Amino acid sequence: MSFTPPIPTSRGLELDKREIAQAADLLGKGRSNAVGQFDLALNQVSTVVSDENVAADSVLHLSPFNAAAASELPSTFVSAYADGSFTVTHLSNATVRTFKYSIQG
């Protein structure tokens, strides 16, 4: 017989079957906690975003959240990935540019 350790939660308790079923249902509907939002650093050419869901082999999908971000989308890209963070390279600008993102992998 093999031992299966409990699944920890933020409450420090084992997940019950209802919570697991609810999480599986949400994932099946395309929902997850692997999303976020950030502003590009003002007057800089790169921004480092910390997110514990990011891994070195993740893929990110950026979506502009305001008009200023939309205008810079052609010159904005993820230039580096690391466990726990990613770097976005962009034009230097004094305007607030907000992006939302989703993480795959």
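Which of the residues belonging to the range 13-39 are of a type in the set (Lys, Arg) and at pLDDT 75 or above?
Of everything in the range 13-39, those that are of a type in the set (Lys, Arg) and at pLDDT 75 or above turn out to be LYS17, ARG18.
For the range 50-100, which residues satisfy the criterion of being within 10 Å of the chain's Cα centre (by Cα) and crowded, with 16+ Cβ neighbours inside 10 Å?
Correct list: ASP51, VAL54, SER58, LEU60, LEU62, PHE86.
The values are calculated or read from the model by the stated rules, or taken from the named source; none is laboratory data. Everything numeric here is computed off the predicted structure, so don't read it as measured data. Every residue, glycine among them, receives a Cβ derived from its backbone with ideal geometry; neighbour counts consider all protein chains shown.
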